[in-house]
Amino acid sequence: MVDDVSDSAPLGPLAVIPPDLVTLADYEARAEAHMPAGSWRHVQEGAGRELTLRDNRAAFDRVRLLPRALADLRGGHTASDLFGRRHAAPILLAPIAYQCLAHPEGERAMARAAAALDAGVVLSTLSSVPLEEIAIAARQAADALGTGGAPLWFQLYLQEDRAHSADLIARAEAAGYEAIVLTIDTAVKRSSFTLPAGVDAANLRGMPKLRHTSTPGGRILFGTPLADAAPRWEDLAWVRATTRLPLIVKGILTPDDARRAVEHGADGIIVSNHGGRVLDGLPAAIDVLPAIVEALAGAVPLLMDGGVRTGTDIVKALALGAAAVLVGRPQIHGLAVAGMPGVAHILHILRAELEMAMAQLGCATLADLGGGQLWDARRAG
Ligand SMILES: Cc1cc2nc3c(=O)[nH]c(=O)nc-3n(C[C@H](O)[C@H](O)[C@H](O)COP(=O)(O)O)c2cc1C
């Protein structure tokens, strides 16, 4: 139990991971003491009254699983292929801005941990370490460990000036990123959080920042440069035409938008409400997933994020049709508590819980997970 830490200086990262850190919830409970109060609130908060933030978790808790007895688990594994690339487990680290808020090594430590655990990484446009340095850190870690290296994707926030977006895409391609993840759920992006000294949007240095202020009696949002710069469908088509990499659209919540994204050339979709941070009152991502799975009928892989905290959450998402999940805030908790080993431990916990859940359900591979593992209260006797 962590006491009120808001007025005291945050603890540094632990050198040794204590044995009582067993679940992602343990890390979350511990992390607050290791972060400045303002940064902690910024990471944890959701939009508005946090209905969506809470529902991302509650919706997972409403889903119930059904085991299949006496299954043959020989040869079991958690690997799958996504966009032509092998993933050791269907777990990726979601794009999270400004990771140096949690640890001085920030995204470097996160990328090394992912390389060690063979987990895919989606690096944010708003990373606090330049994207080129993260590609190098990931490659060096993979070389040191003698692994082939885990997939590295770049998350794109469209910039007001297309030349700047094109520049980010070209830099990601040149640095060896294997996919572009275009986040489309933040039509207008503004934050009241002030970054501490030494933390900045490293990839955007030298690019102009759209400032937004509204004054009583003046324009609020509509009619301002911020609203006018909101991305449109034609921008998705432009990104498609600009990159040769697989294009994954993040932040879809409706079957219609999913279909439209695929028509515009998306190779994959991430069903997401941005961790409940953008608009309060949106449904949980796991709740809207089945309708989108049905609408796309396997046309492209569907991933999801929001509230994934345990191995049973992962099997639920996969049984409902996701090809993989992304994990957001827990990577910050791992970073704050213990840096690179903390994130590696978070990933290990999730993989261990996933394998355990699969075994108990009688599923030797991810392909075995489906509707048969879901309990339907309406059909139960
Ligand atoms: C502090 C914070 C920063 C984030 N930054 C980004 C970002 O830069 N780009 C993006 O596409 N999503 C961003 N997200 C959303 C995550 O990628 C992801 O959708 C969300 O965190 C998943 O929910 P979870 O935290 O419950 O796992 C951010 C989320 C948090 C909590």
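Conditions (1) open to solvent by 10 Å² or more (accessible area, probe 1.4 Å); (2) within 16 Å of the ligand (Cβ to nearest atom); (3) closer than 27 Å to Ala109 by Cβ, marked per residue:
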site: Val288; (1), (2), (3): yes, yes, no
site: Glu294; (1), (2), (3): yes, no, no
site: Leu335; (1), (2), (3): no, yes, yes
site: Pro341; (1), (2), (3): yes, no, yes
site: Leu347; (1), (2), (3): no, yes, yes
site: Ala352; (1), (2), (3): yes, no, yes
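I'm told Pro196 meets every condition in (1) surrounded by 15 or more Cβ atoms within 10 Å (Cβ to Cβ); (2) touching a residue at least 24 places away in the same chain (Cβ under 8 Å) except one. Can you identify the failing condition by its number?
Unmet for Pro196, out of (1) surrounded by 15 or more Cβ atoms within 10 Å (Cβ to Cβ); (2) touching a residue at least 24 places away in the same chain (Cβ under 8 Å): (1).
In region 160-199, what residues are out of contact with any Leu (no Cβ under 9 Å at 6 or more places or on another chain) and away from the ligand (no atom under 12 Å from the Cβ)?
Once the filter is applied, which keeps residues that are out of contact with any Leu (no Cβ under 9 Å at 6 or more places or on another chain) and away from the ligand (no atom under 12 Å from the Cβ), region 160-199 yields Asp161, Arg162, Ala163, Ala166, Asp167, Ala170, Ala174, Ala187, Ser192, Thr194, Ala197, Gly198.
In region 16-61, how many are farther than 20 Å from Leu335 by Cβ, within 13 Å of the ligand (Cβ to nearest atom) and charged (D, E, K, R)?
Summing the residues that are farther than 20 Å from Leu335 by Cβ, within 13 Å of the ligand (Cβ to nearest atom) and charged (D, E, K, R) in region 16-61 gives 4.
Take the conditions acidic (Asp, Glu) and crowded, with 21+ Cβ neighbours inside 10 Å and apply them to Asp55. Does it pass? So that I can check it myself, show each step before the final result.
Values: acidic (Asp, Glu): yes; crowded, with 21+ Cβ neighbours inside 10 Å: yes.
Taking the combined requirement at face value, the residue satisfies it.
Take Val271 and decide whether it is touching a strand residue (DSSP E or B) at 6+ places or on another chain (Cβ under 9 Å), in contact (Cβ under 8 Å) with a residue 24 or more places away in the chain, open to solvent by less than 60 Å² (accessible area, probe 1.4 Å) and not acidic (Asp, Glu). Explain how you work it out, then say what you get.
Details: touching a strand residue (DSSP E or B) at 6+ places or on another chain (Cβ under 9 Å): yes; in contact (Cβ under 8 Å) with a residue 24 or more places away in the chain: yes; open to solvent by less than 60 Å² (accessible area, probe 1.4 Å): yes; not acidic (Asp, Glu): yes.
Criteria met by Val271.
What number of residues within region 62-83 satisfy the criterion of being of a type outside the set (Gly, Ala, Ser) and either within 30 Å of Leu245 (Cα to Cα) or within 12 Å of the ligand (Cβ to nearest atom) (or both)? Before the answer, list the steps.
So in region 62-83, the residues of a type outside the set (Gly, Ala, Ser) come out as 62-68, 70, 72-74, 77-78, 81-83.
The next check asks that each one be either within 30 Å of Leu245 (Cα to Cα) or within 12 Å of the ligand (Cβ to nearest atom) (or both); those that pass are 77-78, 81-83.
Residues that pass the stated criteria total 5.
I need the full set of residues from region 138-159 which are among the aliphatic types (A, V, I, L, M), away from the ligand (no atom under 16 Å from the Cβ) and in contact with an Asp or Glu (Cβ under 8 Å, 6 or more places away or on another chain), in order please.
Once the filter is applied, which keeps residues that are among the aliphatic types (A, V, I, L, M), away from the ligand (no atom under 16 Å from the Cβ) and in contact with an Asp or Glu (Cβ under 8 Å, 6 or more places away or on another chain), region 138-159 yields only Ala150.
Give me a count of the residues in region 93-137 that are assigned to a loop (DSSP other than H, G, I, E, B) and either surrounded by fewer than 22 Cβ atoms within 10 Å (Cβ to Cβ) or within 16 Å of the ligand (Cβ to nearest atom) (or both). Write out each step before concluding.
Of all residues in region 93-137, those assigned to a loop (DSSP other than H, G, I, E, B) come to 94-98, 102-105, 117-119, 124-130.
The next check asks that each one be either surrounded by fewer than 22 Cβ atoms within 10 Å (Cβ to Cβ) or within 16 Å of the ligand (Cβ to nearest atom) (or both); those that pass are 94-98, 102-105, 118-119, 124-130.
Going through region 93-137 one residue at a time, the tally reaches 18.
The values are calculated or read from the model by the stated rules, or taken from the named source; none is laboratory data. These figures come from a predicted structure and were not determined experimentally. Positions of Cβ are backbone-derived with ideal geometry, glycine not excepted, and every protein chain shown enters the neighbour counts. For accessibility, only protein heavy atoms count, side chains too; no ligands or nucleic acids. Shrake-Rupley method; radii C 1.70, N 1.55, O 1.52, S 1.80 Å.
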